[in-house]
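S.K.: Handing you a structure now.
The values are calculated or read from the model by the stated rules, or taken from the named source; none is laboratory data. Nothing here was measured: the structure is a model prediction, and the numbers come from that model. Don't worry about glycine lacking a Cβ; one is built from the backbone with ideal geometry, like all the others, and counts go over all protein chains shown. Heavy atoms of the whole protein, side chains included, go into the accessibility calculation; ligands, DNA and RNA do not. Shrake-Rupley method; radii C 1.70, N 1.55, O 1.52, S 1.80 Å.
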Amino acid sequence: MRLLAAELIEGREILPGQFLQTYDAPHLTSARAGQFVHVRTPDYTGLVLRRPFSLNTVDRASGTITIHFRVTGKGTEWLARSRAGERLEMLGPLGRPFEVDPRSQHLLLVAGGLGIAGVRLLVDEAIAAGRAVTLLFGAARAADVYPSALLPDEVEYVVATDDGSLGHHGPVTELVPDYEAWADQLFACGPFAMLRTLAHQAAGRDARLGVARLGRRRGGRTPAPGTARARRRAWLQVALEQHMGCAVGACLGCVVWGTAGPVRVCREGPVFAAGEIAWEPA
Amino acid sequence: MKTKRRVVTAVTRRRDYPGPRPRKSAIVGPPKTAPARRPAASAAGPGRDPIPAVDGVRAAAVDLSVDLAPGRPGTLVLRNPVLVASGTFGYGIEYGEVVDVEALGAICCKGTTLKPRAGNPPPRVTETPAGMLNSIGLQNPGVDGVVERYAPLWAGWQVPVIVNVAGESIEEYVAVVRRLDGVPGIAGIELNISCPNVGKGGIQFAVDPEGAGSVTAAVRRVTDLPLMVKLSPNVADVRVIARAIEEAGADAISAINTLSGIAIDRPNRRPFLGNVYGGLSGPAIKPVALRVVYEVAQAVRIPVVGIGGIASLEDALEFLYAGAAAVQVGTAIFADPTVPLRIIEGLRAFCAAAGVPAARELVGLALPGGRRRTPPSVQGVEYRP
């Protein structure tokens, strides 16, 4: 975690109201998929909180990163208007990353809308490691669908839209059963309701597929919840979004309910094994 | 019960500083020589706001130290008057990688209760115009958790850690403070009688002078630790409550806690925060905080610690002028964790440029009667945990 300025190199509107910006930030290129940066808006904006963004892609060769965001308020509006050369203070990389089991060869990624920003870096990492990646993308309508030109060629990219204007007609979660048997692990980011549906689907997967767990699993004991090993063993990992204050674990503002008590999205997350989250809080 | 000693060290005579003021108590300095010439810049007098021209030697000679418990000499002498506010700095370790915590005046840790608390349902924070609302709901591991997990760490730090204590009843406050008393690493208590975010967060103690006085007195009876009480602005007359707290034996008063507010989630047509109500903090509440500090500083003789929207040297100076002996930085840390350190350096440079030998001489300049509240010198007294 470091606190340094990053210079905006270029920014463009890739979808209506959604921007992709490239920053010169060599200190952030060590980040892994799922981690995020906490970006400061300048003093004169009157905004008192930083804005957390997933690291969309990193390029170690050029020392640049990209962030992908939608304009939802004053902070993102200011960010969208900023020009090349603008220097922003970025705190990061923060949070815990997605953990891919070394034995997993087939990765299924599910993104709902802007949730693509949360799993985009995992696409690059998985392909660099020689894994097969299928990305299921859900959006409200065709106009909001993430452009396939921004994805590597090796990805199988499947789209679902709520109004049926492109690809599958219906929620993206309906596509998951088709890939359930193929995928070694599933990684998802998007609206909470979507993640909850995935978690319920994942819970019944072993029974549906007839997966039997015989004897002791490789690696011995069941790993302690919350650890990287526990996430690596999970079939479904989700990256959560939450309003944040400090993003380093001090303010307890971004807490969500976990099965073992409150968990901080900024510190214990943003990536959780599906089993660590209380999807139906009492 | 741990007793704390006033440690008297030799005062190094500095070129521009006339030396400690003679006191009746036993500060032993080097033999008194003719007072050194005051820097020429002092002719301009404090109180103006010139842009500090940093003079290395002079800046290093500025005395920023402040005693937050003058009634118990030497127990809570801070190296500088900038603290971090409870709830915004966790337990001092979270920002460790980007902030040098040892340079702070003191750390007020997250509100601590007798039993562990899970806190309020999410979402818990949201930004508002020039501020933010939070309703964390006193999530904390309980006093035993704090003592076991963090106190050993704090004991190795030079920076004093003040534990913020919350409770639902006088018995609970007393039980928590009893547990904290005498634990190495705990330099003081900040009594949070003003959390607006839990049904019984002690707010009932902050709104009437009898309640405030009785909880302060009850805690006072069980500890010798320096005791600071945090006021709520959500009351009719804060001066009456401040006086009751002073009479009950508090060593200092911090003001203010957050203001109660709500935010509405427009698309979903319901309150945004999981707890509906939240506490407003940030620059939006600065004028309210200044008013409370200004009033309380005139009502009591114990030091007042100003909190509320402090994000720069200018803000900190305003609080000092309004009568605060020290300030706590809170919400501003979220935007820039280095703010407290920059205020400390800025204050040093400001004093040097203004020819003020000690920051405490700035305290209360804006009060009627001017410098009436200048606290006694603590030159030569060092904090020893």
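S.K.: Looking at (1) away from every other protein chain (no Cβ under 14 Å); (2) free of Cβ contacts under 8 Å to residues at least 60 places away in the same chain; (3) outside any loop (DSSP other than H, G, I, E, B), which one does B:GLY167 not meet, given that it meets all the others?
M.R.: (3)
S.K.: Any idea which of (1) under 14 Å from the mean Cα position of the chain (by Cα); (2) open to solvent by less than 40 Å² (accessible area, probe 1.4 Å) is the one B:ALA61 doesn't satisfy?
M.R.: So the condition that B:ALA61 fails would be (1).
S.K.: State which residue pairs qualify: first residue farther than 27 Å from A:THR72 by Cβ and inside the stretch A:228-257, second residue of a type in the set (Gly, Ala, Ser) and in a loop (DSSP other than H, G, I, E, B) in any location, beta carbons under 7 Å apart, and separation of 6 or more residues or different chains.
M.R.: A:ALA230/A:ALA224
S.K.: While we're here: Would you please list the contacts, defined by Cβ atoms under 7 Å and residues six or more apart or on different chains, that run from a residue in the stretch B:301-317 that is free of Cβ contacts under 8 Å to residues at least 60 places away in the same chain and more than 28 Å from B:GLU247 (Cα to Cα) to a residue that is open to solvent by less than 20 Å² (accessible area, probe 1.4 Å) and assigned to a loop (DSSP other than H, G, I, E, B)?
M.R.: These pairs meet every condition: B:ASP315/B:GLY309.
S.K.: Answer yes or no as to whether B:GLU210 is within 16 Å of B:VAL305 (Cβ to Cβ) and either open to solvent by less than 10 Å² (accessible area, probe 1.4 Å) or part of a helix (DSSP H, G or I) (or both).
M.R.: For B:GLU210, the condition - within 16 Å of B:VAL305 (Cβ to Cβ) and either open to solvent by less than 10 Å² (accessible area, probe 1.4 Å) or part of a helix (DSSP H, G or I) (or both) - is not met.
S.K.: When residues of the stretch B:275-291 are filtered for being surrounded by fewer than 17 Cβ atoms within 10 Å (Cβ to Cβ) and within 14 Å of chain A (Cβ to nearest Cβ), how many remain?
M.R.: Final tally of qualifying residues: 0.
S.K.: When you check A:LEU8 against the structure, is it in the same structural domain as A:THR76 (by TED's automatic domain parsing), open to solvent by less than 60 Å² (accessible area, probe 1.4 Å) and touching a residue at least 40 places away in the same chain (Cβ under 8 Å), yes or no?
M.R.: In short, yes.
S.K.: A further question on this structure: Scan the stretch B:197-206 and give yes if some residue there is modelled with pLDDT under 90, aliphatic (A, V, I, L, M), open to solvent by 30 Å² or more (accessible area, probe 1.4 Å) and in a helix (DSSP H, G or I), otherwise no.
M.R.: Scanning the stretch B:197-206, I find at least one residue that is modelled with pLDDT under 90, aliphatic (A, V, I, L, M), open to solvent by 30 Å² or more (accessible area, probe 1.4 Å) and in a helix (DSSP H, G or I), so the answer is yes.
S.K.: Continuing with this model, one more query. The conditions are (1) open to solvent by 20 Å² or more (accessible area, probe 1.4 Å); (2) assigned by TED's automatic domain parsing to the domain that holds A:ALA250, and A:PHE137 fails exactly one of them. Which is it?
M.R.: (1)
S.K.: I've got another one for you. Going by the conditions given, is A:ALA160 without any contact (Cβ under 8 Å) to a residue 40 or more places away in the chain, within 30 Å of A:VAL255 (Cα to Cα), open to solvent by less than 60 Å² (accessible area, probe 1.4 Å) and not assigned by TED's automatic domain parsing to the domain that holds A:PRO52?
M.R.: So A:ALA160 does not fit the description; no.
S.K.: Also, quick follow-up: Can you name the number of the only condition in (1) closer than 28 Å to B:GLU318 by Cα; (2) modelled with pLDDT of 90 or more that B:THR223 fails?
M.R.: (1) is the only condition that B:THR223 fails.
S.K.: Which residues, counting only those in the stretch A:123-144, are closer than 20 Å to A:PRO97 by Cα and in a helix (DSSP H, G or I)?
M.R.: Scanning the stretch A:123-144 gives A:VAL123, A:ASP124, A:GLU125, A:ALA126, A:ILE127, A:ALA128.
S.K.: Which of (1) open to solvent by 30 Å² or more (accessible area, probe 1.4 Å); (2) among the β-branched types (Val, Ile, Thr); (3) part of a strand (DSSP E or B); (4) within 14 Å of chain B (Cβ to nearest Cβ) does A:VAL37 not meet, given it meets every other one?
M.R.: Failing condition for A:VAL37: (1).
S.K.: With respect to A:LEU150, is the statement that it is within 28 Å of A:VAL39 (Cα to Cα) and open to solvent by less than 20 Å² (accessible area, probe 1.4 Å) true?
M.R.: Spelling it out, it is not the case that A:LEU150 is within 28 Å of A:VAL39 (Cα to Cα) and open to solvent by less than 20 Å² (accessible area, probe 1.4 Å).
S.K.: Let me ask another. Give the residue, chosen from B:ARG301, B:ARG269, that is on the phi > 0 side of the Ramachandran plot and either over 14 Å from the mean Cα position of the chain (by Cα) or at pLDDT 95 or above (or both).
M.R.: Answer to the check: B:ARG269.
S.K.: Moving to a separate point now. Looking only at the stretch A:167-208, which residues are at positive phi and touching a helix residue (DSSP H, G or I) at 6+ places or on another chain (Cβ under 9 Å)?
M.R.: Correct list: A:GLY167, A:GLY190.
S.K.: Here's something else I'd like to know. Show me the helices (runs of 4 or more DSSP H) entirely contained within the stretch B:246-337 in which 3 or more residues are within 21 Å of A:TYR44 (Cα to Cα) and not aromatic (Phe, Trp, Tyr).
M.R.: Of the helices (runs of 4 or more DSSP H) lying wholly inside the stretch B:246-337, those with at least 3 residues that are within 21 Å of A:TYR44 (Cα to Cα) and not aromatic (Phe, Trp, Tyr) span B:313-321, B:332-335.
S.K.: Moving on to the next point. Quick check on my filter: what residues within the stretch A:18-74 are among the basic types (Lys, Arg) and touching a residue at least 40 places away in the same chain (Cβ under 8 Å)?
M.R.: A:ARG32, A:ARG40, A:ARG50, A:ARG70
S.K.: If you check B:PHE272, B:PHE334, which single one turns out to be within 14 Å of chain A (Cβ to nearest Cβ), of a type in the set (Phe, Trp, Tyr), under 24 Å from A:PRO52 (Cα atoms) and in contact with a Leu (Cβ under 7 Å, 6 or more places away or on another chain)?
M.R.: Just one listed residue meets the conditions, B:PHE334.
S.K.: Sort through A:GLU99, A:GLU89 and tell me the only one that's of a type in the set (Asp, Glu) and within 13 Å of the chain's Cα centre (by Cα).
M.R.: Every option except A:GLU99 fails the conditions.
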